[in-house]
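Worksheet: one structure, shown below.
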Amino acid sequence: MTDSRTRNAKRWDPAPIASTPVVQPLRAVGDFFALTLDTLVAIPRPPYAWREFLLQTWFVARVSLVPTILLAIPFTVLSVFTLNILLVEFGAADSSGTGTALGAVTQIGPLVTVLVVSGAGATAMCADLGARTIREEIDAMRVMGINPVQALVVPRVLAATVVALLLDSLVAVVGVTGGFVFSVFVQNITPGAFAAGMTLLTGLPEVVISLCKAALFGLAASLIACYKGIRVGGGPAGVGNAVNETVVFSFMALFVINVLATAVGVEATM
Amino acid sequence: MNSVSRYRFRRIRQTMVGFADGWNQIGVQTAFYATTVRSIGDAVARYRAETLRLIASMSLGSGALAVIGGTLVIVGFLTLSAGALVAVQGYTLLTGIGTEALTGFVSAYLNVRIIAPLVSGIGMAATIGAGATAQMGAMRINEEIDALEVMGIRSIAYLASTRLLAGVLVVGPLYAVGVLMAFLAARFGTTYIYGQSTGVYDHYFYTFLNPTDLLWSFFSAIMMAIVVMLVHTYYGFTATGGPAGVGEAVGRAVRTSLIAVVLVTLMISLSVYGQAGTFHLSG
């Protein structure tokens, strides 16, 4: 019995295949989806880590609030400025409000949320989890019978999703206000016409799609951050690289999600 | 025991100390940036091999990022998906008012002025910028930077100035790929997926593609590369607090440089295009 088992182990040894450069990225992708499934399955199951969830929500919100406002204002001013050049040339400066509202709600809101959630929230999460992995705290939790996915990953993922939702509305409000101030006081567009045009193309469906996008971004970015943080190896350099990869991969994932969600949203509302 | 009553107005004092610390931080950062820029000459004269090595590793990336094709592919991919947005949102919106023929114009106008510079800048911050912070932060934690100083190597010139130089040299081809990808994605989406005829698209695209605007957007990409590399080398050079500290430094650096990238684009487009906009619909 034992003989045949050892012979089987000798015959099929997965280690050499696993370390080839072709298979390694595929294994990482599979690993990531395994963690995602684990997390999604663990979300509705007790015990709920309420305390961790509240702490993480507060943490992510605190880290991202100032960058959100600082990013949203120049982003809107830039877009409104470029758009108004066009509209003034067409002789349609009155519809500046329409463009501002559409841009702020459908594109700038989700985009700034992406940048802040992955640049500020996800990096901090990955650094925190990575440091715990390096100090073998995650292994210690497993030894004590605590499921790290349930205790650490689930509250973080939920917290990032909630905060992304809230941030998206903040960006939209800041964006529309910033666009109004810039258009009216700098580019001399009639405030009444600006306000009247705002709801021409942007209604409830656009706002709902924007919020859905933001929630998806928060979910994806935090899953990537948690995966990279838990699978960290190799000391300080490892943590630094993991955070770097978190930023890159979440930006890539989020830009793809943005294009797909925009396409679906445009089909649904037009 | 008397730690509570050592100072009067403890809270006010704390606020003042915090304010002064923040103020000093700005001074320290500025001094670091000045030293980095001043030492570029040293980097060229003494550390040419290191600069060449960094150019190679920045354009192709290192570690897990090299597996998916490095910085070039990542920036190309980001601008590709951003350019696709022009097709998705622009074409549908213009169809609503019956002017879908102008999608080519929207691509030539928005891609050059906003999308390509911003998205390339964001891509640079995430890839070469964050990579530089991670490497230098790890060196600082492992006391390798102190070791460099002990060996008589000018650490700022060797680590920061070489990276600044390499970043500025890499950004040219990087940005060219980014702009091309944005144009290609918009054209592909509009003509192949939404089914507009390529002749109509190309006509409006080439009519409104302004070479001067393209040159200015290249200029803003170079400015962004300088700002991104300066911010990221500073945060890497001053990382503290063990493995977690390196990660936090990367996060802080990404946050700061994202804001800086958007501000640089805004400043340049406000000062170049101005109130008049240098845009002429009817010649």
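Data table
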| item | result |
| --- | --- |
| Answer residue from region A:197-225, given it is surrounded by fewer than 20 Cβ atoms within 10 Å (Cβ to Cβ) and farther than 29 Å from A:THR36 by Cβ and is farthest from the chain's Cα centre (by Cα) among those | A:LEU200 |
| All positions within region B:230-258 that are at the interface with chain A (Cβ under 8 Å from one of its Cβ atoms) and surrounded by fewer than 19 Cβ atoms within 10 Å (Cβ to Cβ) | B:GLY242 |
| Single match in A:PHE81, A:PHE33, A:PHE75 (criterion: closer than 27 Å to B:VAL254 by Cα, more than 10 Å from chain B (Cβ to nearest Cβ) and not aliphatic (A, V, I, L, M)) | A:PHE33 |
| Residue identified as in contact (Cβ under 8 Å) with a residue 12 or more places away in the chain, in a helix (DSSP H, G or I) and under 24 Å from B:LEU266 (Cβ atoms) among B:THR212, B:THR190, B:THR207 | B:THR212 |
| Among the residues listed as B:GLY129, B:GLY167, B:GLY123, B:GLY172, the single one being modelled with pLDDT of 85 or more, among the small types (Gly, Ala, Ser) and surrounded by fewer than 24 Cβ atoms within 10 Å (Cβ to Cβ) | B:GLY172 |
| Residue that is modelled with pLDDT under 80, buried (at least 24 other Cβ atoms within 10 Å of the Cβ) and assigned to a helix (DSSP H, G or I), where the choices are A:SER96, A:SER183 | A:SER96 |
| Yes/no for B:ALA225 being surrounded by 16 or more Cβ atoms within 10 Å (Cβ to Cβ), within 13 Å of chain A (Cβ to nearest Cβ), of a type in the set (Gly, Ala, Ser) and out of contact with any His (no Cβ under 7 Å at 6 or more places or on another chain) | no |
| Some residue of region A:193-204 being hydroxyl-bearing (Ser, Thr, Tyr) and in contact with a helix residue (DSSP H, G or I) (Cβ under 6 Å, 6 or more places away or on another chain) | yes |
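The values are calculated or read from the model by the stated rules, or taken from the named source; none is laboratory data. Source: prediction; values computed, not measured. Cβ: placed from backbone, ideal geometry, glycine included. Neighbour counts: every protein chain shown.
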